[in-house]
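Data first, discussion second: the structure below is written as structure tokens.
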Amino acid sequence: MDGDFLQFFMGHEDALPLYHSLEKRILAEIPDVRIKAAKTQIGFFTKYMFAAVSFLPVRKAKERPQTWLTVTFSLPYTVYSPRIDAVAYPCENRVTHHVMIGSPAETDDELLGFLREAAAFSSRKR
């Protein structure tokens, strides 16, 4: 991990296993992914960014797991799933979804399905 990754996880080191589980599945299941860490998020890119992880608190404090990451992705429609913690509509034809994960097991086939679709959607941007 380089300095940007270490800075991102500073104070949240307990979330590293969550991140490693997610990163491993993304790299195994989505081709040609690049990863870029910034101060407030880590982005996953093919041609464009299709997903990010952050410590965005999309649940009330009492409803959050002790250790967590928020996974964010955009699709051209709203996903209706109990996994989705928050939804935003930043522009026409794009819906941003936030999913909070609290264990490596939550990086499951459903979440990866959303991320594969988000990667395909982002590659169609012009």
| field | Gaussian network model of the chain, Cα within-10 Å springs - most flexible of Tyr80, Tyr89, Tyr48 | value | Tyr80
| request: Assuming R0 = 41 Å, can you tell me the calculated FRET efficiency for the pair Leu16 and Glu92, based on Cβ-Cβ distance, to the nearest 0.05? | output: 0.65
| query | For the chain, modelled as a Gaussian network with Cα springs under 10 Å, which listed residue fluctuates most, Lys39, Lys60, Lys24? | reply | Lys60
| message | Checking the a/c ratio against 1.5 first, then a/b against b/c, what shape does the Cα gyration tensor give for region 1-113? | response | rounded
| request: Pull up the cross-link candidates among the lysines for Lys47, meaning alpha carbon to alpha carbon under 29 Å and not fewer than 8 places away within one chain. | output: Lys24, Lys36, Lys39, Lys125
| note | With Cα springs under 10 Å, the Gaussian network model of the chain assigns the largest mean-square fluctuation among Ala61, Ala28, Ala38 to Ala61
| task | With the full set of protein chains in place, find how many percent of the accessible area of the chain is carbon and sulfur; take the probe as 1.4 Å. | result | 54
| note | Between the alpha carbon centres of region 79-126 and region 2-32 the gap in Å comes to 17
| said: How large is the accessible surface of Leu16 in square angstrom, using a 1.4 angstrom probe and rounding to the nearest 10? | reply: 40
| request: Could you check the simple spin-label distance between Ile84 and Ala38, using points 7 Å along Cα→Cβ, in nm with one decimal? | output: 2.3
| remark: Dividing the helical contributions, -39500 (n - 2.57) per DSSP H run of n ≥ 4, by the residues of the chain yields a 222 nm value, nearest 500 deg cm²/dmol, of -9000 deg cm²/dmol
| field | Dipole of region 14-126 [Lys/Arg +1, Asp/Glu -1 at C-beta], most positive-end residue of Pro90, Ala52, Leu18 | value | Pro90
| remark: Between Ser123 and Gln7, Cβ-based FRET efficiency (R0 25 Å, step 0.05) works out to 0.30
| request: Could you tally the net charge around Leu112, taking each other residue with its Cβ under 10 Å from the Cβ of Leu112, Lys/Arg +1 and Asp/Glu -1? | output: -3
| request: Would you work out the charge dipole size for the chain about its Cα centre, treating the Cβ of every Lys and Arg as +1 and the Cβ of every Asp and Glu as -1, and quote it to the nearest 20 debye? | output: 460
| Extension reserve of the Tyr77-Lys24 stretch, reckoned as 0.36 nm per residue once the Cα distance is removed | 16.4 nm
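State the extension gain, in nm to one decimal, for the chain segment bounded by Glu63 and Asp108, taking 0.36 nm per residue of separation less the distance between their alpha-carbons. Intermediate results must be reported in sequence, preceding the final value.
On the way: separation 45, 0.36 × 45 = 16.20 nm, distance 2.06 nm.
Taking 0.36 nm per residue and subtracting the Cα distance, the gain is 14.1 nm.
The values are calculated or read from the model by the stated rules, or taken from the named source; none is laboratory data. Note that the coordinates shown come from a computational prediction; the quantities given were computed from them, not determined experimentally. Backbone-built Cβ (ideal geometry, glycine too); neighbour counts: all protein chains shown. Please note that ligands, DNA and RNA were not included when accessible areas were found on the heavy atoms of the full protein model with its side chains. Shrake-Rupley method; radii C 1.70, N 1.55, O 1.52, S 1.80 Å.
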